[in-house]
Amino acid sequence: MTGRVATLEVDGLEVVFETRQGAVRAVRGVSFEVGAGERVGMVGESGSGKTAAALAVTGLLPPIARVAGRVRFQGRDVGALGSPERRALRGRHVGTIFQDPLSSLNPTLTVGRQITEGLRAHLRLDRAAARRRAVDLLRQVGIPAAERNFDEYPHRFSGGMRQRAMIAMALSCEPELVIADEPTTALDVTIQAQILELLVGLCDERDTALLLITHDLGVLAGVAQRILVMYGGLVVEEAPVDDLFYRSAHPYSQALLGAVARPDRPGRPRPIAGEPPSGLQPASGCVFAPRCPYAQAPCRSSSPVLAATARNGGHRCACHFTGELW
Ligand code: SF4
């Protein structure tokens, strides 16, 4: 945390999906904060619970999901809000960007119309003012010929342009928080860096907090100030970005780091051996034990809690042997 008032406080969040195979515990009691203007990265493999946690925060989970725990936005309990207030929260105060802009954008409406709808609904701008603001936003996100492209449909945009339009939409009402879930995963590597730079720059200019969710730890370097590592529906490590990259404490974080190509670490990235847990029948003990190279007998019988490491400074780790075995 940066010491500023938290924009988002998540406390004991649980998400369970009722499926034909049984109850899947996607998020198993996760607590974290995002400070005002802070950039927090949330990283983990597919199925770690990171997207379910983000969707629970924004109220966008499907009906088969059961959610428990508390989410506060700027001190207000989101669970106590009525439907209109929740819609206003999502459209006005929390902007969202997802991996596939084509499925997030409405193919039957022009890009400009989709931006102005939010502006008119949440900021009560008239048609002309909303158009001026939308065109200006399209310029800010680097859409060429913004005046003309305002009237284009999403399928006429390239993948990178669509994601730029999504950024414009997410920031259009000057939200206090943007949640971006794998915003660059579907893009070419060269475009990825441009889009991330753009997103971070625009959030910084506006003092907008950013929760950036990704499976790729490398994406968070130079972007996040603090990182939450998720595994099996739990936060297993939380640390300032430099601590996470250079002094990671949890064996899973170390495995994630080993899977990233880094100029300061020669050699090939190593994929993480084994499979992540399904969430259907979480085993007792440490959730990472079946894949952990350091697992000992106590790891299989009791679950480690997320606790401050010797470094402190906001560095927390959920491992029985933090700092002892490696
Ligand atoms: Fe590995 Fe045991 Fe630590 Fe879990 S508690 S990460 S199994 S050493």
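The values are calculated or read from the model by the stated rules, or taken from the named source; none is laboratory data. Given the structure is predicted, the values throughout are model-derived calculations rather than measurements. Methodologically, a virtual Cβ is constructed for each residue, glycine included, from the backbone with ideal geometry; neighbour enumeration extends over all protein chains shown. Ligands, DNA and RNA are excluded from the accessible area calculation, which covers all protein heavy atoms including side chains. Shrake-Rupley method; radii C 1.70, N 1.55, O 1.52, S 1.80 Å.
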When (1) within 10 Å of the ligand (Cβ to nearest atom); (2) open to solvent by 40 Å² or more (accessible area, probe 1.4 Å); (3) modelled with pLDDT of 95 or more are applied to Pro298, the one that fails is (3)
Scanning the range 99-119 for residues that are buried (at least 16 other Cβ atoms within 10 Å of the Cβ), modelled with pLDDT of 90 or more and of a type outside the set (Ser, Thr, Tyr) gives Leu105, Val111, Gly112, Arg113, Gln114, Ile115, Glu117, Gly118, Leu119
Selection from the range 275-295 of residues within 9 Å of the ligand (Cβ to nearest atom) and out of contact with any helix residue (DSSP H, G or I) (no Cβ under 7 Å at 6 or more places or on another chain) yields Val287, Pro290, Arg291
Filtering strands (runs of 3 or more DSSP E) wholly in the range 183-289 for at least 1 residues that are touching a Ser or Thr at 6+ places or on another chain (Cβ under 8 Å) and closer than 19 Å to Gly37 by Cα gives 209-214, 234-240
Criterion first (modelled with pLDDT of 95 or more and open to solvent by less than 20 Å² (accessible area, probe 1.4 Å)) does Ala145 satisfy it?
no
When Val260 is run through (1) within 27 Å of Gly12 (Cβ to Cβ); (2) more than 16 Å from the ligand (Cβ to nearest atom); (3) of a type outside the set (Lys, Arg), the failure sits at (1)
**Request:** Kindly indicate whether any position in the range 221-233 is open to solvent by 20 Å² or more (accessible area, probe 1.4 Å) and closer than 28 Å to Val24 by Cβ.
**Result:** no
Of (1) free of Cβ contacts under 8 Å to residues at least 24 places away in the same chain; (2) closer than 26 Å to Leu138 by Cβ, Leu211 fails just (1)
Taking the range 169-218 and the residues there that are of a type in the set (Gly, Ala, Ser) and over 16 Å from the mean Cα position of the chain (by Cα), the one that is nearest to Phe73 (Cα to Cα) would be Ser172
